[in-house]
Amino acid sequence: MQSIRPVKGTRDFFPEDMAFRRWLYAKIQKTSERFGYQEYDGPFLERLDLYAAKSGDELVKKQSFVFEDRGGEMVALRPELTPSLARMIATKSKVLPRPIRWWSFGPFWRYERPQRGRSREFFQWNIDLLGIESPEADAEIVAAGAEFLRSVGLSPDAVKILVNDRMLAESQLDNIGIGPERHPLAFRLIDRRDRMPPEKWADWSLEEGLSLGELEQLQGLLDDREAWRSSAPLQRLFEATDTLGVGDYVAFDPTVIRGLDYYTGTVFEARDAAGNFRAIFGGGRYDDLVSAVGGDPVPGTGIAMGDIVIRLVLEQYDAIPPLDARPAKVLVTTFDEGTLMPALQLTTEFRVSGLEVEWYPVAEKLTKQLKYANRVGARIAVILGPDEIAAGTVTIRDLRSGEQQSIPRGEAAAYAKAILEA
RNA sequence: GCGAGCGUAGCUUAGCGGUAAAGCCCCGCACUGUGGAUGCGGUGACCGCGGGUUCGAAUCCCGUCGCUCGCCCCA
């Protein structure tokens, strides 16, 4: 029994878990770099002020790990990266060549109730394009997200990236008589429409102050899947995503609004088609954020993807390949006390020749050592006993085929390599 | 912050009033210079914790802590 429990909502990464994290990181890195993005990172701790302005009350006041440091400063474990990004861009906005294309993968913390698809400590991919205010910039970000999904084996049948534009939504709201002062209310209603039974949602909307006529018109807007045709920016965005080859992944969805306060235009959200999970990634355009943290205005657009939901989705679609958490494919056994040092010497020779080698560091029965080799998935077992030493050879056993060869010591490493590369 | 369910060996679970069981894992033996299979044996649990009911509690009741799931919010 454990007397010291881990902190609620944190995760231990055992080697098998680490293998998945590394696999995911490699996919993210590959996709990001294919689009020409540079890797960066920010601090894990930020001053609370950074988030206070723009992230949204719920996220800052209730869902951040906030504490006072020894100097009396209020700091927060970062709940998201975009404000740090905006701050970093703000300090160098005059010297960075634009467009600025940056990506990152690191840990974040939110003080929430852990449940399916959500923990208090998670890793997140961020990819952002700043300095360019065009629908094509948004399209590129969407395409990067789509190409990531493709690279991990999730087809357009399995996942969709839903796109909307808050500007379009706002002008539509104005048209049906819901003015700017009631936009925040309307956004809240829209955001939750898919999560409630229609009757309940309608009742709630009326309670919140919508008239019956407004409610009907609002429902009409949300059911209009062709509304993007009246938006020049969205037309351009969808034309660009088609040209980028990801049209199958992308769909207009008037109910996507996103919760964060700093989004100013387009918003994106990737979801599994079956609707079994929370959003896989989310993002949008934030043209005022850099100036809000004290810089010259720099427009930006980007997405963030957590590692937890994507893992659940990948498991659902059986898309995670077998991952090897053990680097060494060669195990050098230790025959007896007398050959312990020679075995260690041989191990070193193998390593010098570039092999990843694990050495069994105690002279136990060969049976046990081979059992271990089999158990940990080694491909090759190396035996160096008195017979081999007398003959100047090494026994190389291929654990997959069960065949073994006596090889002159000087050729042993090359022989082992040949087996591994066959 | 609100609501529900569940806590039995390292893991997955059975037992649901009569003094704790299986599978997996781990260790040993058959096999003292050869792994995977099989067989045999072994280590390992104050049944989350505290209190109550009872002749007797893993089992029923209350409390507490923890975990999981849903709401809120969001990756």
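State the Kirkwood hydrodynamic radius of the stretch A:265-422 in Å, one decimal place, computed from all pairs of distinct Cα atoms. Working shown, then result.
Values: mean 1/r = 0.0505 Å⁻¹.
Taking every pair of different Cα atoms in the stretch A:265-422, averaging 1/r and inverting gives 19.8 Å.
Loop only per DSSP, at most 14 neighbouring Cβ atoms within 10 Å: give me the chymotrypsin sites (Phe, Trp or Tyr not before Pro) in the stretch A:287-372, ordered by residue number. Please list the in-between numbers first.
Numbers: sites: A:TYR317, A:PHE335, A:PHE350, A:TRP359, A:TYR372; in loops: A:TYR317, A:PHE335.
The qualifying sites: there are none.
Could you quote the convex hull projected area for the stretch A:124-253, Cα atoms only and averaged over all directions, in nm²?
Working: hull surface 37.5 nm².
Result: 9.4 nm².
Give me the Kirkwood hydrodynamic radius of the stretch A:1-145 in Å, from all C-alpha pairs, to one decimal place? Before the final figure, lay out each step's value.
Working: mean 1/r = 0.0582 Å⁻¹.
Its Kirkwood hydrodynamic radius stands at 17.2 Å.
Of A:ALA343, A:ALA146, A:ALA319, which has the largest mean-square fluctuation in a 10 Å C-alpha GNM of chain A?
A:ALA343
With no solvent and one point per C-alpha, what does the Debye sum give as log10 I(q)/I(0) for the stretch A:330-421 at q = 0.17, 0.18, 0.19 Å⁻¹?
At q = 0.17, 0.18, 0.19 Å⁻¹ the computed log10 ratios are -0.62, -0.70, -0.79.
In degrees, nearest 10, range 0 to 90: what is the angle between the Cα axis of helix A:232-243 and the longest Cα principal axis of chain A?
20
Compute the semi-axes of the equivalent ellipsoid of the stretch A:4-44, taking the square root of 5 times each eigenvalue of the Cα gyration tensor, and list them largest first in whole Å.
Working: eigenvalues 153, 45, 7 Å².
One finds semi-axes of 28, 15, 6 Å for the stretch A:4-44.
Once you have the Cα-Cα distance between A:ARG182 and A:ASP69, take 0.36 nm times their residue separation minus that, and quote the gain in nm to one decimal.
Working: separation 113, 0.36 × 113 = 40.68 nm, distance 3.93 nm.
Roughly 36.7 nm would be gained on extension.
Set the bar at 27 Å for Cα to Cα. Now go through A:LYS329/A:LYS365; A:LYS27/A:LYS329; A:LYS8/A:LYS160 and name every pair that lies beyond it. Kindly include the intermediate steps, with their values, before the conclusion.
On the way: A:LYS329/A:LYS365 20 Å; A:LYS27/A:LYS329 24 Å; A:LYS8/A:LYS160 32 Å.
Beyond 27 Å: A:LYS8/A:LYS160.
Which value results when the Cα radius of gyration for chain A is divided by 2.2 N^0.38 Å?
Values: Rg = 28.1 Å, N = 422, 2.2 N^0.38 = 21.9 Å.
Relative to the rule-of-thumb radius for its length, chain A sits at 1.28.
List the aspartates and glutamates whose Cα lies under 17 Å from the Cα of A:LYS417, skipping any in the same chain that are fewer than 8 positions away.
Straight-distance partners of A:LYS417: A:GLU349, A:GLU356, A:GLU358, A:ASP398, A:GLU403.
Return the whole-Å distance between the Cα centroid of the stretch A:276-347 and the Cα centroid of the stretch A:99-145.
Between the Cα centres of the stretch A:276-347 and the stretch A:99-145 lies a distance of 15 Å.
Every read-out reported here was derived from the displayed coordinates using simple, explicitly stated rules and does not represent laboratory data. Computed from a prediction, not measured in an experiment: that's the story for all the values here. Positions of Cβ are generated from backbone atoms using ideal geometry, with glycine treated the same way; all protein chains shown enter the neighbour counts.
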